[in-house]
Structure formats: C-alpha cells, structure tokens
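The block underneath contains the structure these notes are about, expressed in structure tokens.
The values are calculated or read from the model by the stated rules, or taken from the named source; none is laboratory data. Small disclaimer: the values here were computed from a predicted structure and weren't measured. Cβ placement follows ideal geometry from the backbone for every residue including glycine, while neighbour counts extend to all protein chains displayed.
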Amino acid sequence: MPIIRRLPDALVNRIAAGEVVERPASALKELVENALDAGARNVAIRLSAGGLDGIEVTDDGCGMAPAEIALALERHATSKLPDDAIELVTTLGFRGEALPSIASVARLTIESRVPGSDEGWRMVVDHGALVEQGPAALPPGTRIRVEDLFGKVPARRKFLRSARSEYAACLDVVRRLAMARSAVGFVLEHEGRQILRLQGGDTLPARVAQIVARELASDGVLIDLQRGAARLTGVAGLPTYNRGIADHQYLFVNGRPVKDRLLIGAVRGAYADMLARDRHAVLALFLDLPPEEVDVNVHPAKTEVRFRDPAFVRGFIVSGLRHSLEAEGQRSAQAPAAPAMGNWQSEPIAPPTSGPAPALASLFAREYGASGVRDAPRPWRSFEGDILAPAARAEVAEEAPTPGHPLGVARGQVALTYIVAEAEDGLVIVDQHAAHERLVLERLKAAGAQGKMATSQALLIPEVVELDEPDCDRLEGASEAFAALGLVIERFGPGAMLVRAVPALLAKGSVQALLRDLADDLAANGAALLLGERLDLVLATMACHGSVRAGRALSVAEMNALLREMEVTPRSGQCNHGRPTWVKLAHGDIEKLFGRR
C-alpha cells in the first residue's frame with residue numbers, strides 16, 4: 001500500500017510556487033504589491049522579454065534590515081499580519097508565500113536598505129539555494145530582480161506564451177495596481193523603452209482616464225455613493241461608450257484588484273437594458289467595505305473575494321450605477337470633431353422628387369461615431385460606396401403585398417428601429433440594424449470571393465488611431481490579412497496605428513471605432529482561430545460598422561429596398577451575432593390575440 005511521507009522543502013516550495021507564480025505577470029503582481037504594502041511613494045518596473053528573461057521592481061518604501069531579508073525568504077513569514085485576525089487584513093499581500101515561491105523557480109536578487117542606515121544588504125537565491133549575500137549600495141527602499149524564471153523547471157517554462165503575450169499580461173497587472181493606488185507614482189519600462197509614467201498624487205478620475213482611456217474624461221460618469229458603511233467610487237463609461245470585450249472593466253474591493261464573478265455580473269446587470277449583448281461597458285469601480293464583511297483569503301493569487309452579504313453588494317452596485325447613469329439624462333458619447341467628419345462626407349444634395357431611389361447604403365452618412373454615438377437624422381447624401389445589390393436599387397412602393405414578396409410591403413417604422421411590414425399571410429417586424437448588418441456582411445463576403453474586397457479608398461489625410469500597445473501589436477500582426485480586405489494600416493509608434501486606406505465598401509465608417517473593435521476581436525479570439533475564421537470575424541465587425549444603425553428614420557422607399565434585399569440574401573434571417581433579424585405574426589396568431597379564434 002502507498003506510504004505517507006513528508007515532502008522535501010524544495011518540492012514543497014515548487015508546489016507552492018505553482019499556486020502563486022503561474023507566469024511572469026504573477027511574479028510581477030506579488031513584487032509590486034509588496035512594494036505598495038511597504039509604503040512606497042514611487043515604484044519603478046523594468047521588464048525584459050515580457051518578463052520571461054527579467055523582472056526588476058524598485059521602490060522607495062520602508063526597506064528591510066539584513067535579518068528581515070533572510071526571514072522574508074522563508075515560507076509563511078510576513079510583516080502584514082500583526083495578529084491572528086486574518087479577516088481584518090488591509091494589505092494587498094499577507095500569506096508570506098510570494099518571495100520564497102518565486103525564489104524556488106527563478107534566480108532572485110533582493111537588495112534593500114532601511115532609511116537612516118549607512119548601507120543596504122543583498123541576498124541572491126538561485127532556484128531555492130542561497131548563493132550570495134553581502135553589502136549593497138542603493139538608496140533607501142528595496143530593489144528585487146527575478147531572472148531565468150522556470151529556468152530549471154522546463155515543464156513549466158514550455159507552457160509560457162510568447163514574450164509579446166506575457167508582456168501584455170504584465171502591462172495589465174501594472175495598470176490595475178496603478179489604479180488601485182492613484183497617489184503612488186509608477187514607471188514601467190520594457191526592453192529599455194518607457195511604456196508608462198504616472199505621477200504620484202493623481203486624483204482617481206485622472207488616473208483612470210490616463211490608464212483606461214482618455215475618452216472617459218468626457219464620456220464617463222463619476223461614481224461616489226455611500227450606503228451605510230459601504231462606499232462605491234470610480235468612473236463608469238456612458239452606455240454609448242462601449243467595447244467589444246469585457247477586458248476594459250477594472251474592479252477593486254478595498255483597494256485590491258479583483259476579477260470576481262459577482263461584481264462582473266452586477267456590472268452586466270446595471271447595463272443590461274442599455275447595451276447590446278455583445279457590447280461591454282468600460283469602467284473602473286472601487287468598492288470599499290468594512291474588512292470583516294469581505295473574505296480575501298479564498299484564492300492563492302487573491303484575485304477573488306467572498307462577501308458576507310452578496311445580495312447587498314450586487315444590489316448596491318446595480319442600483320448605484322443605474323442611478324448615476326440616469327442622473328446624466330440624455331448624455332451620449334461625444335462624436336468626432338466636424339473637420340474630421342468632413343473627410344468622410346460629401347456635400348448634401350436635394351432629395352430627388354421622382355425616379356428611382358438611390359441605393360439604401362447611399363442614403364446614410366456615417367452612423368457609428370468614434371465611440372459608438374448614434375447621429376440624428378440628416379439630409380440625404382450621395383456617396384460612392386454601394387453595398388446593395390442592383391435589384392434593390394429601384395424604389396418599391398406596392399399598394400398591396402404580393403406572393404413574390406414574402407417579407408411584405410413596409411407600412412411604417414416603430415421607435416426608429418423596427419420596420420413594420422404587411423405580408424400576404426401576416427405582419428412582419430424587422431430589426432433594421434440587425435438586418436442591414438447581415439446584408440453588408442454577405443456583400444463583403446461576395447466581394448471577397450470575386451477578388452474585389454481589396455479595393456481600397458485611400459484617405460486624403462491618413463488617420464492616426466491611438467490604442468493600447470498590446471492592441472497595436474495584434475493589429476500589426478494581422479496587417480497583411482487586413483490589407484487583403486482593403487484595410488491598409490501600419491504601426492505609428494508604440495501606442496498608435498496609422499490608417500492609410502479603408503475598404504471602398506466601408507468608406508463612410510469610423511476608422512477609430514473600426515480599429516478598436518478589430519483589436520478587441522483579435523484579443524478575444526485571434527490567437528485561437530484559423531485564418532479563415534479570423535477573416536470572418538473581421539468581416540462581421542466591418543459589416544457592423546457599415547450598416548445602418550437603430551435610431552435612423554427611414555422613408556418608405558428605403559424600408560422597402562431593405563426588405564427586397566433581405567429576400568434575395570442568404571442567411572438574412574439572423575444578424576452576425578446570432579440574433580433574429582425579423583419575426584412574423586401570422587394572421588391566425590393575430591386573430592388569437594384578439595380572441596377571434
């Protein structure tokens with residue numbers, strides 16, 4: 001039978017490291033948290049190869065004496081629990097596992113000096129073995145270097161991702177911790193290049209806007225609510241300022257960055273009736289509760305928490321967010337400046353008085369602003385882009401439905417979103433944006449199959465789109481695929497892309513919004529999908545930006561043109577996101593509603 005034995009210390013440390021140190025970003029998180037808990041006013045971070053080759057964190061905190069450095073390298077030794085009341089912990093770290101765990105799977109160098117001391121002390125641990133110690137010259141504070149992570153654990157090393165992916169994870173860790181401590185200055189360097197510089201003493205809204213998106217300064221709502229001992233602060237983006245993935249939601253509990261399902265669900269519930277299902281809010285929320293109301297000791301990496309009263313927390317967040325957003329009335333995300341719009345739109349012309357109606361796509365100016373704003377109805381305009389089939393270009397205004405038109409004849413528009421049509425066998429209701437989105441996608445696919453997709457419209461003035469550096473990396477990596485679709489982009493510095501041309505079929509769309517959503521698509525799916533699947537996602541995103549939006553008033557001719565095109569387009573029964581584009585109430589169903597059957 002199996003014999004129970006004690007594991008050797010080296011193996012125990014490696015097992016513990018597996019819980020705490022999954023990748024370079026995990027080690028960086030522990031080191032920066034230690035610096036913040038030490039009272040640092042400034043934290044400097046240097047990365048090499050995304051943290052795979054080296055991580056260095058320097059702070060100006062309280063420092064450690066030589067004996068304390070040695071003790072810090074022992075498991076479960078910490079200065080952050082003055083007593084046994086773990087439920088009252090207020091520091092970011094408290095388990096006492098970070099340094100010994102990292103030291104067991106890497107070469108760890110600690111240099112520290114206590115203020116008022118003549119010199120510092122240095123200790124080097126190589127994969128669990130102390131190899132060097134002695135005096136060190138450095139200003140008051142602590143400097144820690146991690147090198148050769150998992151160098152002697154090849155089974156772990158081979159499961160790490162590319163340097164670019166690991167760097168993106170490290171950048172996310174620094175951003176979250178920098179938001180959690182807006183009074184602390186942060187400097188992040190990667191491969192000798194400065195990525196982030198944040199001055200200490202920032203206000204919370206200013207720090208959030210610098211890290212998440214500058215648009216939040218104008219397209220966000222300040223949150224500051226109190227209910228009993230609970231307080232909710234932060235910045236929440238307007239519903240019209242949204243993104244395609246949920247990676248731009250930053251949540252904090254008692255100053256600790258978390259990724260908690262309860263909080264994520266509460267945010268989704270607060271925006272439930274204001275966002276499409278495939279869109280996500282942009283926000284940074286800080287929830288402060290009495291320490292005894294939160295259990296932070298439920299996850300080794302301390303990214304999840306447990307609440308004593310989860311129903312109260314969810315209700316507080318949902319009602320608080322909704323109240324703050326409703327208080328802003330009819331505010332919407334800001335549209336681009338008028339000069340920028342002039343590059344995309346031709347001069348308005350008088351509406352035709354007779355003859356065939358222009359193509360449906362030619363009747364609408366740009367509908368999708370840089371951050372998702374819907375424009376008010378505007379005069380008819382003439383554009384070169386044409387995304388409707390020739391069969392749909394003639395005005396159709398039948399007096400009565402005919403068998404040849406299964407979707408019927410348009411009779412009106414409800415809420416500037418739904419087309420109501422009378423068919424021979426019932427009543428048809430069409431979601432104009434969902435329907436047109438599918439039509440645009442099928443036209444783009446057809447153009448690609450015929451080799452016409454690469455037809456580009458060069459921009460008179462190339463447009464610069466500012467994005468996160470990881471987003472720029474993803475877009476740059478897919479630039480050849482985009483060029484085949486007519487979207488010509490190139491890198492324009494670490495955090496920006498230059499757009500030189502767009503597909504001619506989408507020449508009236510917003511470049512800013514298009515590139516942001518493409519970057520989100522690549523972040524969510526790009527690495528795991530084959531090229532063909534990636535291109536389908538790109539086309540779907542382009543179609544969404546090239547389609548007529550909800551909230552646009554349509555004429556009868558425009559509505560009928562849309563219905564006729566749907567009748568001859570494959571898969572027009574659902575939009576690119578899987579939602580139905582139209583529903584029908586048969587005459588029999590209507591009679592049942594009124595008790596006639």
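Contact annotation: residue pairs with Cβ atoms under 7 Å, 6 or more positions apart or on different chains, pairing a residue in segment 259-270 that is assigned by TED's automatic domain parsing to the domain that holds Gly315 with a partner that is of a type in the set (Gly, Ala, Ser), are Val267/Ala281. Scanning segment 239-253 for residues that are closer than 25 Å to Ala168 by Cα and not in a strand (DSSP E or B) yields Tyr241, Gly244, Ile245, Ala246, Asp247, His248.
A search for C-beta distances below 6 Å between a residue of segment 96-113 that is in a helix (DSSP H, G or I) and any residue that is basic (Lys, Arg), counting only pairs 6+ apart in sequence or on different chains, returns Pro100/Arg75; Ser104/Arg14. For the criterion of being modelled with pLDDT under 90, among the aromatic types (Phe, Trp, Tyr) and at negative phi, Phe186 fails.
Working carefully through the options Ala236, Ala270, Ala266, Ala246, find the one that is surrounded by fewer than 20 Cβ atoms within 10 Å (Cβ to Cβ) and either farther than 30 Å from Asp59 by Cα or at pLDDT 85 or above (or both). None of the others qualify; the one that does is Ala246. With respect to Glu33, determine if the residue is over 13 Å from Ile144 (Cβ atoms), acidic (Asp, Glu) and modelled with pLDDT of 65 or more. Against the criterion (over 13 Å from Ile144 (Cβ atoms), acidic (Asp, Glu) and modelled with pLDDT of 65 or more), Glu33 does not qualify. Just give me the residues in segment 402-417 being under 40 Å from the mean Cα position of the chain (by Cα) and surrounded by 12 or more Cβ atoms within 10 Å (Cβ to Cβ), in sequence order. Of everything in segment 402-417, those that are under 40 Å from the mean Cα position of the chain (by Cα) and surrounded by 12 or more Cβ atoms within 10 Å (Cβ to Cβ) turn out to be Leu407, Ala410, Gly412, Gln413, Leu416, Thr417. May I ask you to verify whether Ala213 is outside the structural domain of Ala40 (by TED's automatic domain parsing), assigned to a loop (DSSP other than H, G, I, E, B) and either under 30 Å from Ala270 (Cβ atoms) or not hydrophobic (A, V, I, L, M, F, W, C) (or both)? When the stated conditions are applied, Ala213 passes them.
Looking at Glu476, Glu424, which is the one that is modelled with pLDDT of 80 or more and either small (Gly, Ala, Ser) or touching a Lys or Arg at 6+ places or on another chain (Cβ under 8 Å) (or both)?
Checking each option against the conditions leaves just Glu476.
A quick yes/no check of all residues on (1) under 23 Å from the mean Cα position of the chain (by Cα); (2) surrounded by 18 or more Cβ atoms within 10 Å (Cβ to Cβ); (3) aromatic (Phe, Trp, Tyr):
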position: Ser112; (1), (2), (3): no, yes, no
position: Ala155; (1), (2), (3): no, no, no
position: Ser162; (1), (2), (3): yes, no, no
position: Ala180; (1), (2), (3): yes, yes, no
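When Val538 is tested against (1) within 23 Å of the chain's Cα centre (by Cα); (2) within 30 Å of His190 (Cβ to Cβ); (3) modelled with pLDDT of 70 or more, only condition (3) is not met.
Of the set (1) touching a helix residue (DSSP H, G or I) at 6+ places or on another chain (Cβ under 7 Å); (2) surrounded by 20 or more Cβ atoms within 10 Å (Cβ to Cβ), all apply to Ala103 but (1).
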